[in-house]
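Student: Can you keep this structure in mind? I'll have questions shortly.
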Amino acid sequence: MTDKRRNGRWAKWTRTSVILHLLRRIADAVFGASEHSLSAHLLGETGEGAPQKAGQPGVFAWLFSKLYQNVIRPGQYLFIRNLDHGAFRHALDALTDRLLYDSVSAYSNFFLCFGLYASGALLISHFLLNRGELAVAQLVLTVTVVLLALLMRSAGGSMAQNLAKGRITSFLIFTVMGFRRERFDANPVGTSHNGIAIVTGTLLGLLTFFVLPSRVLLGLLVLLLCCVVFAMPEFGVVLLFFFIPLASLLSAPSVSAGAAVAYVIFCYLCKLIRGKRSFAFHTIDGAVLLFAAFTLQSGLVSVGQEGTRAGMLQCCMVCGYFLCANLMTSRPAVRRAVGALSCSLLVVSVYGIYQYITGDISTLWLDTAMFGDIAGRVTSLFDNPNVLGEFLILGIFAALGLLAGDRNRPTRIFTTVSLLSGILCLVLTWSRGAWLGTLCAFVIFLFMMSRYAAAGVVCFGLTAPAWIALLPKKLVRRLLSIGNIADHSTSTRVEIWNTSTRLIRDHLLTGIGAGSVGFGQAFSQYAAASLTGVEHSHSLYLQLLIIHGIAGLALFVWIFALLTRRCVATARLPREQMSVRPCVGLCVGLYSGIAGLLIGGFSDYVWYNYRICAMMWLVLGLAVACARLSAREAEAYVPGPVGLSRAAITPAPRHTV
């Protein structure tokens, strides 16, 4: 009773408080004016600005529908008829069935032959051929493969049946990948192709005379994942969210990330041409497609091959938007993508914290004369603390959106751990731009989730001195140094910005093209002798002006304005439709992360690392997918005691134009 009385007094105080009443009135006025303002109609997308207008086609949709009906559709049907009845299609189906429904004993024979021959190859190479020291780790790996093969011999039935029965494998296949269980129950008996398995395992085992066994197994895993992604591009999007932040483990992370995005796009296009997937084309999609064309053109007109490669790679990253916008068409698909991003956030953050604990940190990006009490800055898997901070902004607010909308307890526990580790790692980056972007993004998140968040922001602002007094002094000093010209980093950036402004005046209309080589050559003509080795302007918006000219910057601002309009409309869905709130929370969280990253873009070129560029466009596409899904669920909402039933939610049409 005491708690109820206390809660009742608190609710009564909030209702009768004059200050809170004024703040609520202001919030209602701002939200109401934003819905009916002239800018809202100018920036709004015809047919998608609000859920109740989802059936009206926009200009881009009308043009694309005409192109689809008169040009694309006839060729698509011809391609489908030839492909579905061709030898390649039948061979692919036969290979898939053989891999799924072959008996476990055949797989056991394959791994047994591979492990035995690989172990023999390692021993012969060391003791008889004298090829250097014995690779103990590789030998342990091959012996482990042999032991696993022997354990597999005790299992009966097909591989599909055993995968469906295992707890871990069923979780990975049905929950993470999204496969249907019926696919794995089609042929539970299984057939045996022991001869093929033995020959294949023997040949691959003999191959280890020239290639390490770990690389052979890794190649088999990559080949298997490529086949799975070709069959289900949605899983490819999930892999991208997990793989791109960890790509620095490879020798060429940017190229590897670009190749992964390009392959998933290829798989999606194959499904799209065959009519197995949809393609929604609205105003924001047309704007992103036009920006991708701008990016490709900037690479073609740039100086040298490096600029061409940079333009093509960035164009590929921009096109990653269409993967999320068109493939993430259901709540489980969206949750899988955000879950993968939360997993990569946890891995990156834990490794960054491990770096700090072990002292594997650097003062290369720190003015030690001003911040001598800071031991160093963590970089984790991004080789730069500022780039790490940019990724953490996207990951933290994606996890926050999932936490705000998901009611599953294990998911909430895991997301909370990822969120807290990401925040701690963000602090250890000592990146002032990332801190400022995170703070602004959090304010945006609060305002979009609740129109009455102004009261909380005002209360926090009034009590800010008390909060600041509790923070460590070196953290407060680092925050207060924002804009201090005495800091070497700040003074250098200001000088680079001034030089970049002079460069923009002479190339305002056309830009100079993509690539750091072309930028360096043009920048050196305007820079002082002390500025050497500058590869970008340390500002996203200045860099867009330099690369694309005024048209490219205006197009990007238009894209973000369209995204803002869409996400604000999603956040303003009626409160009684609580069943659509999970997607609303995700949409707001993803949008807040993008907004925080772009706020940090005022003081840094956040796309200099191509992986951050890819992640931003993937997250942007996922935010658009959440907004579209929320609009469909709001249309299907039926008032009543139950609210929105699962049967009322219609999935995205297969041939959306």
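Student: Could you derive backbone 3J(HN,Hα) for the stretch 383-392 from the dihedral phi with the Karplus parameters 6.51, -1.76 and 1.60 (θ = phi - 60°), listing whole Hz in sequence and x where the residue is Gly or Pro?
Tutor: Karplus-based 3J(HN,Hα) across the stretch 383-392 equals 6, 7, x, 5, 5, 4, x, 5, 5, 5 Hz.
Student: So between Trp558 and Thr200, what do we pick up on full extension, going 0.36 nm a residue minus the alpha carbon distance? The partial results should precede the final answer.
Tutor: Numbers: separation 358, 0.36 × 358 = 128.88 nm, distance 5.48 nm.
Stretched fully, the Trp558-Thr200 segment lengthens by 123.4 nm.
Student: Give, to the nearest whole percent, the P(r) tail of the stretch 393-512 beyond 23 angstrom, counting all Cα pairs.
Tutor: Summing the P(r) tail past 23 Å for the stretch 393-512 gives 53 percent.
Student: Compute the distribution of all C-alpha to C-alpha distances in the stretch 219-361, in bins of 10 Å from 0, and list the percent of pairs in each, rounded to whole numbers.
Tutor: The calculated distribution, bin by bin, is 11, 33, 35, 18, 4, 0.
Student: Stretch Leu531-Glu635 to full length: gain in nm at 0.36 nm per residue minus the Cα-Cα span? Could the numbers behind the result be given before it?
Tutor: Numbers: separation 104, 0.36 × 104 = 37.44 nm, distance 5.70 nm.
Gain on stretching Leu531 to Glu635: 31.7 nm.
Student: Right, here's the next one. For the stretch 189-253, which semi-axes, largest first and in whole Å, follow from the square roots of 5 times the eigenvalues of its Cα gyration tensor? Kindly include the intermediate steps, with their values, before the conclusion.
Tutor: Numbers: eigenvalues 153, 82, 8 Å².
Ellipsoid semi-axes (Å, largest first): 28, 20, 7.
Student: Say each of Cys227 and Thr501 gets a label point 7 Å from the Cα, pointing the same way as Cα to Cβ; how far apart are those two points in nm?
Tutor: Spacing of the two 7 Å Cα→Cβ label points: 6.0 nm.
Student: Next question, about the same structure. Share of Cα-Cα pairs in the stretch 335-407 beyond 21 Å, in percent?
Tutor: On the way: 932 of 2628 pairs.
Every Cα pair in the stretch 335-407 considered, those over 21 Å come to 35 percent.
Student: Also: Calculate, for Gln521 and Phe209, the FRET efficiency according to 1/(1 + (r/R0)^6) with r their C-beta to C-beta distance and R0 45 Å; round to the nearest 0.05.
Tutor: Working: r = 49 Å, r/R0 = 1.08.
Calculated transfer efficiency: 0.40.
Student: Here is a further query. Take the alpha carbon atoms of the stretch 134-154, find their center, do the same for the stretch 358-404, and report the distance between the two centers in whole angstrom.
Tutor: A separation of 39 Å, based on Cα centres.
Student: Using a simple spin-label model with points 7 Å from Cα along the Cα→Cβ vector, what separation in nm is obtained for Phe127 and Tyr354?
Tutor: For Phe127 paired with Tyr354, the spin-label model returns 3.5 nm.
Student: Something else: Under a crude label model (7 Å from the Cα following the beta-carbon direction), how far is Val458 from Cys270 in nanometres?
Tutor: 5.9 nm
Student: What are the semi-axes of the equivalent ellipsoid for the stretch 582-628, taken as the square roots of 5 times the Cα gyration tensor eigenvalues, largest first, in whole Å?
Tutor: Working: eigenvalues 92, 27, 7 Å².
Result for the stretch 582-628: semi-axes of 21, 12, 6 Å.
Student: To continue, here is another question. Apply the a/c threshold of 1.5 to the C-alpha gyration tensor of the stretch 288-422 and tell me whether it is rounded, prolate or oblate.
Tutor: oblate
Student: If you take the alpha carbon radius of gyration of the stretch 401-451 and divide it by 2.2 N^0.38 Å, what ratio comes out, to two decimals?
Tutor: Numbers: Rg = 12.7 Å, N = 51, 2.2 N^0.38 = 9.8 Å.
Compactness ratio reported: 1.30.
Student: If I stretch the segment between Leu134 and Leu300 completely, what's the gain in nm (0.36 nm per residue apart, minus their alpha carbon distance), one decimal? Intermediate values should be presented prior to the final figure.
Tutor: Numbers: separation 166, 0.36 × 166 = 59.76 nm, distance 4.92 nm.
Length gained between Leu134 and Leu300: 54.8 nm.
Student: Count neighbours as other Cβ atoms within 10 Å of each site's Cβ, and list the trypsin sites (Lys or Arg not before Pro) in the stretch 123-210 that are DSSP loop with at most 12 such neighbours. Can you show the working numbers first?
Tutor: Details: sites: Arg131, Arg153, Lys165, Arg167, Arg180, Arg181, Arg183; in loops: Arg131, Arg153, Arg180.
Qualifying residues, ordered by number: Arg180.
We did not get these values from a lab; they are worked out from the coordinates using the rules stated. Since the structure is predicted, the reported quantities are computational estimates derived from the model, not experimental observations. All Cβ positions, even for glycine, are placed from backbone atoms using ideal geometry, and neighbour counts span all protein chains on display.
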